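Worksheet for the structure shown next.
The values are calculated or read from the model by the stated rules, or taken from the named source; none is laboratory data. All of these numbers come straight from a predicted model, not from anything done at the bench. Virtual Cβ from ideal backbone geometry, glycine too; neighbours counted across all protein chains shown.
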Amino acid sequence: MRKLIIALIIIVVVIAAGGYWHYNRLHPSTDDAYVKAHIVNIASQVSGRADQVLIKNHQQVSQGELLFTLEPKQFKIALQQAEAKLAVEKQSVQSARDNIAADQAIVAQKRAELTLSEQNAKRTLALVAKGQASIAEGDQVRSQLTVAKAALQAAQESLKQARDQLGPFGDMNAQIRQAQADVDQAKLNLSHTKIYAAAAGILDQVSLRPGDTVTALQSQFALIENNEWWVDANFKETDIGRINVGQSANIVIDMYPGIRFKGKVASMSYGSGASFSLLPPENATGNWVKVTQRFPVKISFIGQLPVSYPLRVGSSATVTVSVKSQSS
């Protein structure tokens, strides 16, 4: 009888061990998993002094909501200076255009004077040829014709230089385009004194206060987006071969024991976690010990997340994948 009991116990243990092994084969699990979400570092595009801080730590905000402002005075002054410079450039260009118009009138006048000199020279030289005018009179009209040609050439050269210096008219003028670009940049800088939420989410690490110095592109606090949550689960390489994208998963978060969240395999890394570390393992030495590697697997939550169990970035979780399933 005793032998029978021992035999039954052995059989039960073997069956239980086999069942446990079979279950683990079909349901690889890991507790090396952490809740993740997209985190946006909120920073100003320009440097300045904080004016209004309209938010507080751990506050939920909507996309496009005004978070804080910078003192705008210096940026308004910069805009006024840029606009004044643009006005000066436009006046300068208009003055240059007026000068060009005057040079054009001078060229027309010199061209008319040259035409008159040519006609006068033609008549006088004809009279000289007939002996009806003196040679001195012929020399005089030739000299006048040469002077008229030189005057027209000088006027044309002056007009060309004025046109080359001014460049294109209107908005295509280089000086006006540069001044307009300065105005646009000043307007953009002024608009950057108001910092808005890039997405809906929850603010964290907010310590900004009115009067604080804000440096451009330096993160002031974090915004945790609440539109997408997932779990980064690190599975052993002995399990990773049975896991595929689309398989369903159960997620248990340590802060909510007994509560199961449904998820699915969204993507799988093609490099182990150690491969991307600052000091990757070097196995060329003679005292190498084999270490089972882990591969990150992204597990997306399925369905509407319960409001009564808010997720928090970095919280620990246990993930179990059903390798027999394949959700769409």
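When the residues of region 295-328 are filtered to those that are small (Gly, Ala, Ser), assigned to a loop (DSSP other than H, G, I, E, B) and at pLDDT 95 or above, the one that is farthest from the chain's Cα centre (by Cα) is 315. Per the listing 175, 205, 144, 180, the residue uniquely assigned by TED's automatic domain parsing to the domain that holds residue 65 and surrounded by 13 or more Cβ atoms within 10 Å (Cβ to Cβ) is 205.
Among residues of region 65-79 that are farther than 20 Å from residue 184 by Cα, those with a Cβ under 9 angstrom from a residue that is surrounded by fewer than 16 Cβ atoms within 10 Å (Cβ to Cβ) and of a type in the set (Phe, Trp, Tyr), sequence gap 6+ or separate chain, pair up as 65/196; 66/196; 67/196.
Every condition in (1) in contact with a helix residue (DSSP H, G or I) (Cβ under 6 Å, 6 or more places away or on another chain); (2) small (Gly, Ala, Ser); (3) under 30 Å from residue 74 (Cβ atoms) holds for residue 181 except the one numbered (1). Residues in region 134-153 that are small (Gly, Ala, Ser) and modelled with pLDDT of 80 or more were compared, and the one that is nearest to residue 107 (Cα to Cα) is 151.
Here is a yes/no grid of residues against (1) among the polar types (S, T, N, Q); (2) in contact with a Pro (Cβ under 6 Å, 6 or more places away or on another chain); (3) within 30 Å of residue 63 (Cα to Cα):
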position	(1), (2), (3)
151	no, no, no
154	no, no, no
158	yes, no, no
165	yes, no, no
198	no, no, yes
202	no, no, yes
207	yes, no, yes
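Quick grid of which residues meet (1) among the β-branched types (Val, Ile, Thr); (2) outside the structural domain of residue 96 (by TED's automatic domain parsing); (3) out of contact with any helix residue (DSSP H, G or I) (no Cβ under 6 Å at 6 or more places or on another chain); (4) part of a helix (DSSP H, G or I):
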| residue | (1), (2), (3), (4) |
| --- | --- |
| 106 | yes, no, no, yes |
| 111 | no, no, no, yes |
| 122 | no, no, yes, yes |
| 128 | yes, no, no, yes |
| 148 | no, no, no, yes |
| 154 | no, no, yes, yes |
| 157 | no, no, yes, yes |
| 160 | no, no, yes, yes |
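The set of residues from region 178-210 being part of a loop (DSSP other than H, G, I, E, B) and under 30 Å from residue 90 (Cα atoms) comprises 192, 193.
Taking the numbered list (1) within 35 Å of the chain's Cα centre (by Cα); (2) surrounded by 13 or more Cβ atoms within 10 Å (Cβ to Cβ); (3) at pLDDT 95 or above; (4) not hydrophobic (A, V, I, L, M, F, W, C) in turn, residue 256 passes all entries but (1).
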